[in-house]
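Report on the following structure.
Just so you know, all these numbers are worked out from the coordinates, no wet-lab data involved. Here the structure is a predicted model, which is why all the values come from computation and not from measurement. Because the Cβ atoms are built from the backbone with ideal geometry, glycine has one as well, and the counts that use them run over all protein chains shown.
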Amino acid sequence: MTCEEAETLLHALLDDELDAGHARDVEAHVATCPRCSVQLRQFRALRTAMSAAELRFSAPASLRARVEAIVPAAPATVPAARYPVSSRRTLLKGFALGSVLSGALAASLMITVMRSDQDQRILGDVVSAHLRSLQVEHLTDVQTSDQHTVKPWFNGKLDVAPPVIDLTAQGFTLLGARLDYIEGRAVAAVVYRRRNHVINLFIAQGASSERSPKMETVQGFKIKFWSEQGLNFWAVSDVNSEELQEFIEKFQAAARAGA
Amino acid sequence: MSRLPQHATVLRDPQHRPRRKQEAGCEVMVDNATSDDSAKARRFRDAALPHLDAVYTLARYLLRNPTDAEDAVQECYLRALRHFDTIRSPTIKPWLFAILRNVCRAEYSRRSVVELRDVNAEADKSDDPVPLWSQAQESPETMMIRKLDAETVRGLVASLPDSFREAIVLREINDLSYREIAEVVGAPIGTVMSRLARARSMLRAAWLAVEGQPT
């Protein structure tokens, strides 16, 4: 056995991960090699010193309470010591209250998590739809820079009349539009071009949402969501965030002017 | 990882590896019987809650911040409960650790404190031709590893780069086997072994440097 092999395998030896045959081989090498012998001794001392130091942390009581709230305790495991009253009825009331409280807390936590999961899924859908649109011949179903051609094209295809605004004068060329799908629902996709970058603007019916209006980045694409006049908007592109923000501001200004 | 392909074959069969510690509640019966939510919640509670301190410890070392660690642990248990039905691992601890690790990495990328990166890729990139045992020459044979106080050792561990810190914490502090570490970090066992060897070499060098300082 070479020193190089031994110097890695001696860790497996220390960790009790070697089979008997290789353990014997490593030990035989170490016995005849002063250098590897020092290594083994030092690493063994290191392990001993590490296990001597108290390196584990104990979860603070506040964290334990938060985690326990995720899974309401079965009544039998609730520490009775918390309720020193001997009355059986008081005890039961205590259990009931405890599980109601932790149940409510758990529910609110789950909602928070689920909502953020849903947001993530929508962002994923938005990026997927954007990526699909960039494939050849997928960008637009109706190809025109005339907003008055695009807008009627959506009639009968969607349950909303999405605002279609030509921003060519502001530096964002209207390329056309298509139908797309976010979360399994048909949405309008209005397509703009900024230099060589494509901006997809997805528009769907939806109540104003509590989603944060901040710029998100998914797989390198910038996405921004906002709600206005009963519609949900997602703008997605590979332009930088300043340009996407500029696009959104110009779009919103023009939409308000037109409304 | 390609450096040590042969080592995977020299490891003992994990079935025959004696467990050094009896870990209560560690084994999870993975049965296909569907039961109601409360039974699931109870099974989850019994299986997962005993590992709270271990999960929190790992979170502290991965995130190096108590508040973030608490949030990550809570998120870990929420996710674990949701996916408890899909657990394939025979033991719950590595599975919980793997979930926690994902939560921590998501937290890192969200904060943008550290750029989103694959620690496996990072480790492989640093798998440079300079052998880690060259550091052995820097540590004189006469120097002995002496005991240091917990706070100092925690600091030394915290200063290791991500993938090595993770490996050494899972091995020395959370007491996982190589196979379990490989499961948690999603890397081959040979990679785990070389990371551990490197982590210990770094730790030894740092340890000796601290010892050498006048107190």
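Values as computed for the structure displayed
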| read-out | value |
| --- | --- |
| Environment charge at B:Asp71 (Cβ cut-off 10 Å; Lys +1, Arg +1, Asp -1, Glu -1) | -3 |
| Karplus 3J(HN,Hα) series, Hz, for region A:235-244 with 6.51 cos²θ - 1.76 cosθ + 1.60 (x for Gly, Pro) | 9, 9, 6, 9, 5, 6, 5, 5, 5, 5 |
| Amide H contacts under 5 Å for A:Val187, placed H, 5+ residues apart | A:Asp180, A:Tyr181, A:Ile182 |
| Gap separating the Cα centres of region B:148-187 and region B:54-113, nearest whole Å | 15 |
| Percent of Cα pairs exceeding the 19 Å cut-off, where the set is region A:3-52 | 19 |
| From phi via Karplus (6.51, -1.76, 1.60), per-residue ³J(HN,Hα) for region A:179-188 in Hz, x at Gly/Pro | 8, 9, 10, 10, 6, x, 10, 5, 9, 7 |
| Taking the C-alpha atoms of region A:121-258, convex hull volume expressed per residue in Å³ | 104 |
| Total formal charge among the other residues, if their Cβ is under 13 angstrom from that of B:Asp149, Lys/Arg +1 and Asp/Glu -1 | 0 |
| Entries in B:Lys40/B:Lys93; A:Lys151/A:Lys224; A:Lys157/A:Lys222 that, when Cα-Cα distance is taken, lie over 24 Å | A:Lys157/A:Lys222 |
